[in-house]
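Colleague: Next up is a structure, given as structure tokens.
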Amino acid sequence: MLLSKRFQDQKTNINVKPDYSGKKKKHTVKTQLTVNKQGIIVHKSPHAKGSTHDYALYDRSHPKLPDEVTSKFDLGYVGILKDYPKLKAVLAFKRKNPGRGKVGIKAECLSDEQKAFNRVFASVRVVSEHSNSRVKKFQIWGSEFRNRLKHYDVMSEVVCGFVNFRILGKLTI
């Protein structure tokens, strides 16, 4: 149990704990990382409820990056180019879905150039996924956090420091 604080549900008068995910049957929180080309964690957002959308969390606490840095995002951040026009952002291409109820109509295929771009984009993005897996090895993300939630941000920052220390130990000049 992550939270001992309860709030009253207005409709059913049942005590419901915040941050509970009905899908995962657990209390969940979400954290975002900003990673550079070497895999070093540059920025970690404060935790939010697990049901918070990725883009909403980015909108609330995004890092201030230099102008020459190009940010690469997955498809959870589709509206970022419209909302932040000065940000140098790159998104992968997605097949156009015809929508619900369109029986027998397939989604439009990507062109060969778009497929090649997505392949290169995935090879660059895998660096951030490796950093995520390094943090998960400390079992702060992948399993139950067995401490008070107010200590989560501090503990995850310590773990990010350990991950950066390990990566910097491998980098030799």
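Colleague: For region 1-45, which residues satisfy the criterion of being hydrophobic (A, V, I, L, M, F, W, C) and either assigned to a loop (DSSP other than H, G, I, E, B) or at pLDDT 50 or above (or both)? Walk me through it before giving the result.
Modeller: Within region 1-45, the subset hydrophobic (A, V, I, L, M, F, W, C) is 1-3, 7, 14, 16, 29, 33, 35, 40-42.
Within region 1-45, Met1, Leu2, Leu3, Ile14, Val16, Val29, Leu33, Val35, Ile40, Ile41, Val42 qualify.
Colleague: Right, something else. So Ile105 fits all but one of (1) surrounded by 12 or more Cβ atoms within 10 Å (Cβ to Cβ); (2) assigned to a loop (DSSP other than H, G, I, E, B); (3) free of Cβ contacts under 8 Å to residues at least 40 places away in the same chain; what number is the exception?
Modeller: Exception for Ile105: condition (1).
Colleague: Let me ask something else about it. Among the candidates Lys96, Lys115, Lys72, single out the residue that is part of a strand (DSSP E or B) and either surrounded by 10 or more Cβ atoms within 10 Å (Cβ to Cβ) or modelled with pLDDT of 90 or more (or both).
Modeller: Within the list Lys96, Lys115, Lys72, the selection yields Lys72.
Colleague: Do you know which residues across region 118-159 are in a helix (DSSP H, G or I), under 25 Å from Ile40 (Cβ atoms) and basic (Lys, Arg)?
Modeller: Within region 118-159, Arg119, Arg125, Arg134, Lys136 qualify.
Colleague: Could you look through region 75-86, keep only residues that are without any contact (Cβ under 8 Å) to a residue 12 or more places away in the chain and either in contact with a helix residue (DSSP H, G or I) (Cβ under 6 Å, 6 or more places away or on another chain) or in a helix (DSSP H, G or I) (or both), and pick out the one that is nearest to Ala122 (Cα to Cα)?
Modeller: Only one residue tops the list, namely Leu81.
Colleague: Would it be correct to say that Gln32 is loosely packed, with under 14 Cβ neighbours inside 10 Å, polar (S, T, N, Q) and in contact with a helix residue (DSSP H, G or I) (Cβ under 9 Å, 6 or more places away or on another chain)? If you could, list the steps in order and put the result at the bottom.
Modeller: On the way: loosely packed, with under 14 Cβ neighbours inside 10 Å: no; polar (S, T, N, Q): yes; in contact with a helix residue (DSSP H, G or I) (Cβ under 9 Å, 6 or more places away or on another chain): yes.
In short, no.
The values are calculated or read from the model by the stated rules, or taken from the named source; none is laboratory data. Bear in mind that the values here come from a model prediction, so they are computed numbers and not experimental data. Heads up, the Cβs are rebuilt from the backbone with ideal geometry, glycines too, and the neighbour counts pull from every protein chain shown.
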